[in-house]
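For reference, the structure discussed in these notes is given below.
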Amino acid sequence: MRTPGRGLAERVLGGPVLWTGLGALTLFAMAPFVWVLLASFKTRAELYATPIVYLPTALSFANYVEAWTSRLTPFSRFFANSLWVSSVTMVATTVVSILAGYALARFRFAGRQTFLLVFLATQMFPAVLLIAPLLSQWYALGLIDTYQALIYSNFSFTVPFTVWMLVGYFESIPRELEESAMLDGCTNFGALCRIILPLAAPGVAATAIFAFVASWSELLFAITFTSQTEMRTLSAGLLFMVGQYEIQWGQLSAGVIISTIPVAILFTYLQRHLIQGLSAGAVKG
Amino acid sequence: MAREATLVAPAARPLLSRRARELLTGYLYLIPVILALGCTVLFPILKAMHMSLYNHVLIRPQEYGYVGLANYARLLHDETFWLSLWNSFLWVFGSVSFQFLGGFAAALLLHQSFRGRALVRTITLLPWIIPGVVVALIWEFIYQPNYGLLNDILSRTGVMTERVAWLANPGLAMPAVIVTNIWRGMPFFAIMLLAGLQAIPGELYEAARVDGASVFQRFCFITLPMLKPIIVVATATRIVWTFNYADLIFVMTSGGPANATQITSTYTLLQAYSNLDFGYAATLSVALLLIMLVFTVFYLRITRGLEGVA
């Protein structure tokens, strides 16, 4: 397969350098995960042994069971909370940003540029800026320790990004498609639902998953707007577990793995679409 | 484009009403987003600005009151604030530069075709999407002085003989959290630059090869210039994001030891959570916002320039 044009440099780059680089890259990315995964199967004695024990002697799920059923730090409850908050945030964000993204992609109205600029600028705001005012706002509305407070707060970082991404997707769909549908008597909303959405489905799915993953990771709102253990999300629960007593690395490792699995699965699906979306949004930037 | 559309529109339809209907629908579709962001971003920011003008310490409610710009005066004389700005600079510069270099190398590697590429891609991109608190805890575990992985590897390979408390040592804590952030953020650059690499037409490389350009020349005269817009956008986004990002440091060191890792965003959190000083926390966050706005203006200038070139 070697083309005559290939020089020595290319063969070295394509061979040894490529494989060494890939090895180093995979090791750097994976080693910390593997280390925690191993720790989650270790017994207490193995975790704190000197010199340290690399491999657990048996595949024990005790840490997972303890973390999942613990009464002080119930990961089953945290998991359910995270799932609910992230799912509702995802659905609401998607609906809101489909409408907004469509309007900004299709209609030319006064203030359109300003809107686009606001969505871009909002992505640059520090989350810490919102914490004190949102806390007093949710407190005044009696929303402390509710899912609503977390879901609404999550909009502040999911919506600007998803709108920005969807504007790009919608603009890439030829306008003639829905114009002909509307000539056939379709309403604007009907054309959006029947023509545009099916075509933009991959993009919409990607933005939806983005909203889910971002909410799943959210920490600061979750620890500020909840005080009861039953209302904590996984991120907040993990942090709570650290502050609770001497760090239980076994249970904590299990908790870390539990929190990672759903987003890892979603990400494998999302990867390709997200790459396209990011570069589309970025190039327009 | 809008003009063309209206010109081509059949004359039978009244122009104004169609235009008016379009406007109305457009604004209607925007109502949910205006509500959502109005309540969670716009109003809170105004509220933060308002709070920054008050003495508002939760544990001293009797002292609550309007103080004008006193909080801002305090900010200018607050040595920890200036230290946190410097730390923020180190944090951003250290993190983003290495994320970029590592991510670029990763993108070039992942752009090659080899068996198992999809799997390697997914694996190397994973650190980016897992929750920040998870990243922080994983690395805290690795840095742990007594049974952490890092000390064990370093002593086994003979690099070091004594155990190091990575996160408790003022000189090492910042590099330690930066390495964690590099691990987390490298995939972002990899993903962005990979997308950029895939968008470069293969014919360019073929033509250059025919003209006898070496692999390094092709990199310098095709790859780099073609990637320039994405590099600028990705780096700017990353700088802003890293400057604002508090989760990692908040979980790993809370800004310690002795403020060695105190960046401006964690300092804001400290004022709000530990000192319950909401007035001053709001002042700090408004300062953060101003810094980011200035940066954004520069950033928009640069990207405008890029668009003009392209």
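Return the only residue of A:96, A:163, A:128, A:159 being farther than 16 Å from residue B:36 by Cβ, at the interface with chain B (Cβ under 10 Å from one of its Cβ atoms) and either in contact (Cβ under 8 Å) with a residue 40 or more places away in the chain or touching a Gly at 6+ places or on another chain (Cβ under 6 Å) (or both).
Values: A:96 fails: farther than 16 Å from residue B:36 by Cβ; A:163 fails: farther than 16 Å from residue B:36 by Cβ; A:159 fails: farther than 16 Å from residue B:36 by Cβ.
Exactly one of A:96, A:163, A:128, A:159 is farther than 16 Å from residue B:36 by Cβ, at the interface with chain B (Cβ under 10 Å from one of its Cβ atoms) and either in contact (Cβ under 8 Å) with a residue 40 or more places away in the chain or touching a Gly at 6+ places or on another chain (Cβ under 6 Å) (or both), namely A:128.
So which residues in the stretch B:197-206 are without any contact (Cβ under 8 Å) to a residue 60 or more places away in the chain, in a helix (DSSP H, G or I) and within 12 Å of chain A (Cβ to nearest Cβ), if there are any at all? Spell out the reasoning first.
Of the residues in the stretch B:197-206, the ones without any contact (Cβ under 8 Å) to a residue 60 or more places away in the chain are B:199-206.
Subset that is in a helix (DSSP H, G or I): B:199, B:202-206.
Passing the criteria: B:199, B:205, B:206.
If you scan the stretch B:110-125, which residues turn out to be at the interface with chain A (Cβ under 7 Å from one of its Cβ atoms) and either in contact with a Ser or Thr (Cβ under 8 Å, 6 or more places away or on another chain) or at pLDDT 90 or above (or both)?
Selection gives B:120, B:122, B:123, B:124.
Tally the residues that are in contact with a helix residue (DSSP H, G or I) (Cβ under 6 Å, 6 or more places away or on another chain) and modelled with pLDDT under 85, restricting the search to the stretch A:98-111. Step through it out loud before you land on a result.
Within the stretch A:98-111, the subset in contact with a helix residue (DSSP H, G or I) (Cβ under 6 Å, 6 or more places away or on another chain) is A:99-105, A:107-109.
Imposing the further condition that a residue be modelled with pLDDT under 85 reduces the set to A:107-109.
Final tally of qualifying residues: 3.
Within the stretch B:51-104, work out how many residues are in a helix (DSSP H, G or I) and touching a residue at least 40 places away in the same chain (Cβ under 8 Å). Reasoning before the result, please.
At the first step, the residues of the stretch B:51-104 found to be in a helix (DSSP H, G or I) are B:51, B:61-63, B:70-76, B:79-104.
Within this subset, residues satisfying the condition of being touching a residue at least 40 places away in the same chain (Cβ under 8 Å) are B:51, B:71-72, B:74-75, B:80-81, B:83-85, B:87-88, B:90-92, B:94-96, B:98-100, B:102-104.
Of the residues in that region, 24 qualify.
Kindly indicate the residue of the stretch A:20-61 that is in contact (Cβ under 8 Å) with a residue 24 or more places away in the chain and in a helix (DSSP H, G or I) and also nearest to residue B:99 (Cα to Cα) among those meeting that condition.
The extreme case among them is A:33.
Among the numbered conditions (1) within 11 Å of chain B (Cβ to nearest Cβ); (2) within 26 Å of residue B:278 (Cβ to Cβ), tell me where residue A:101 comes up short.
Failing condition for residue A:101: (2).
Could you grab me the full set of residues in the stretch B:131-146 that are within 7 Å of chain A (Cβ to nearest Cβ), touching a residue at least 12 places away in the same chain (Cβ under 8 Å) and among the aliphatic types (A, V, I, L, M)?
Within the stretch B:131-146, B:133, B:137 meet the criteria.
Pick out the one residue from A:91, A:36 that is within 11 Å of chain B (Cβ to nearest Cβ) and in contact with a helix residue (DSSP H, G or I) (Cβ under 9 Å, 6 or more places away or on another chain). Steps first, answer last, please.
Details: A:91 fails: within 11 Å of chain B (Cβ to nearest Cβ).
The conditions single out A:36.
Report yes if residue B:213 is of a type outside the set (Val, Ile, Thr), without any contact (Cβ under 8 Å) to a residue 40 or more places away in the chain and part of a loop (DSSP other than H, G, I, E, B), otherwise no.
Details: of a type outside the set (Val, Ile, Thr): yes; without any contact (Cβ under 8 Å) to a residue 40 or more places away in the chain: yes; part of a loop (DSSP other than H, G, I, E, B): yes.
Against the criterion (of a type outside the set (Val, Ile, Thr), without any contact (Cβ under 8 Å) to a residue 40 or more places away in the chain and part of a loop (DSSP other than H, G, I, E, B)), residue B:213 qualifies.
If we scan the stretch B:162-169, do we find a residue that is in a helix (DSSP H, G or I), in contact (Cβ under 8 Å) with a residue 12 or more places away in the chain, under 25 Å from residue B:132 (Cβ atoms) and not aliphatic (A, V, I, L, M)? Spell out the reasoning first.
First, pick out the residues of the stretch B:162-169 that are in a helix (DSSP H, G or I): none.
Looking for residues that are in a helix (DSSP H, G or I), in contact (Cβ under 8 Å) with a residue 12 or more places away in the chain, under 25 Å from residue B:132 (Cβ atoms) and not aliphatic (A, V, I, L, M), one finds none in the stretch B:162-169, hence no.
Give, as residue ranges, the helices (runs of 4 or more DSSP H) completely inside the stretch B:239-310 that count at least 1 residues that are closer than 20 Å to residue B:177 by Cβ and without any contact (Cβ under 8 Å) to a residue 12 or more places away in the chain.
Numbers: elements: B:247-252, B:264-273, B:278-309.
The qualifying helices (runs of 4 or more DSSP H) are B:264-273.
Inspect the stretch B:174-191 for any residue being in a loop (DSSP other than H, G, I, E, B) and more than 14 Å from the chain's Cα centre (by Cα) and give the result as yes or no. Walk me through how you get there before you give the answer.
Of the stretch B:174-191, the ones in a loop (DSSP other than H, G, I, E, B) are none.
Within the stretch B:174-191, not a single residue is in a loop (DSSP other than H, G, I, E, B) and more than 14 Å from the chain's Cα centre (by Cα).
Looking at the stretch B:37-76 only, could you name the residues that are within 18 Å of residue B:288 (Cβ to Cβ) and more than 14 Å from chain A (Cβ to nearest Cβ)?
Matches in the stretch B:37-76: B:69, B:72, B:73, B:74, B:75, B:76.
Determine, yes or no, whether residue B:120 is surrounded by 16 or more Cβ atoms within 10 Å (Cβ to Cβ), under 22 Å from residue B:258 (Cβ atoms), more than 24 Å from the chain's Cα centre (by Cα) and without any contact (Cβ under 8 Å) to a residue 60 or more places away in the chain. Quick ask: steps written out before the conclusion?
Details: surrounded by 16 or more Cβ atoms within 10 Å (Cβ to Cβ): yes; under 22 Å from residue B:258 (Cβ atoms): no; more than 24 Å from the chain's Cα centre (by Cα): yes; without any contact (Cβ under 8 Å) to a residue 60 or more places away in the chain: yes.
For residue B:120, the condition - surrounded by 16 or more Cβ atoms within 10 Å (Cβ to Cβ), under 22 Å from residue B:258 (Cβ atoms), more than 24 Å from the chain's Cα centre (by Cα) and without any contact (Cβ under 8 Å) to a residue 60 or more places away in the chain - is not met.
Given the structure, is residue B:208 surrounded by fewer than 16 Cβ atoms within 10 Å (Cβ to Cβ) and either polar (S, T, N, Q) or over 30 Å from residue B:71 (Cβ atoms) (or both)? Break it down stepwise before answering.
Numbers: surrounded by fewer than 16 Cβ atoms within 10 Å (Cβ to Cβ): no; either polar (S, T, N, Q) or over 30 Å from residue B:71 (Cβ atoms) (or both): yes.
So residue B:208 does not fit the description; no.
May I ask you to say which residue of A:140, A:149 is crowded, with 21+ Cβ neighbours inside 10 Å and closer than 24 Å to residue A:125 by Cα?
On the way: A:140 fails: crowded, with 21+ Cβ neighbours inside 10 Å.
A:149 is the lone residue from the list that is crowded, with 21+ Cβ neighbours inside 10 Å and closer than 24 Å to residue A:125 by Cα.
For every residue, the table says whether it meets (1) farther than 30 Å from residue A:232 by Cα; (2) among the acidic types (Asp, Glu); (3) touching a helix residue (DSSP H, G or I) at 6+ places or on another chain (Cβ under 9 Å).
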{"residue": "A:181", "(1), (2), (3)": "yes, no, yes"}
{"residue": "A:192", "(1), (2), (3)": "yes, no, yes"}
{"residue": "A:195", "(1), (2), (3)": "yes, no, yes"}
{"residue": "A:198", "(1), (2), (3)": "yes, no, no"}
{"residue": "A:216", "(1), (2), (3)": "no, no, yes"}
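Quick one: which of B:164, B:159 is modelled with pLDDT under 85 and farther than 27 Å from residue A:216 by Cα? Walk me through how you get there before you give the answer.
Details: B:164 fails: modelled with pLDDT under 85.
After ruling out the rest, the residue left standing is B:159.
Being touching a Leu at 6+ places or on another chain (Cβ under 7 Å), on the phi < 0 side of the Ramachandran plot, facing chain B (nearest Cβ under 7 Å) and surrounded by 16 or more Cβ atoms within 10 Å (Cβ to Cβ), is that true of even one residue in the stretch A:7-24? Don't jump to the end; show me each part of the working.
The first filter runs over the stretch A:7-24 and keeps only residues touching a Leu at 6+ places or on another chain (Cβ under 7 Å), leaving A:18, A:21-22.
Next, from what is left, pick out any that are on the phi < 0 side of the Ramachandran plot: A:18, A:21-22.
Still in the list and also facing chain B (nearest Cβ under 7 Å): A:18, A:21-22.
Add one more test, that the residue is surrounded by 16 or more Cβ atoms within 10 Å (Cβ to Cβ), and what stays is A:21-22.
Scanning the stretch A:7-24 turns up at least one residue that is touching a Leu at 6+ places or on another chain (Cβ under 7 Å), on the phi < 0 side of the Ramachandran plot, facing chain B (nearest Cβ under 7 Å) and surrounded by 16 or more Cβ atoms within 10 Å (Cβ to Cβ).
The values are calculated or read from the model by the stated rules, or taken from the named source; none is laboratory data. What you see is a predicted model; the values in this text were computed from it and never measured. FYI the Cβ positions are ideal-geometry reconstructions off the backbone, even for glycines, and counts take in every protein chain you see.
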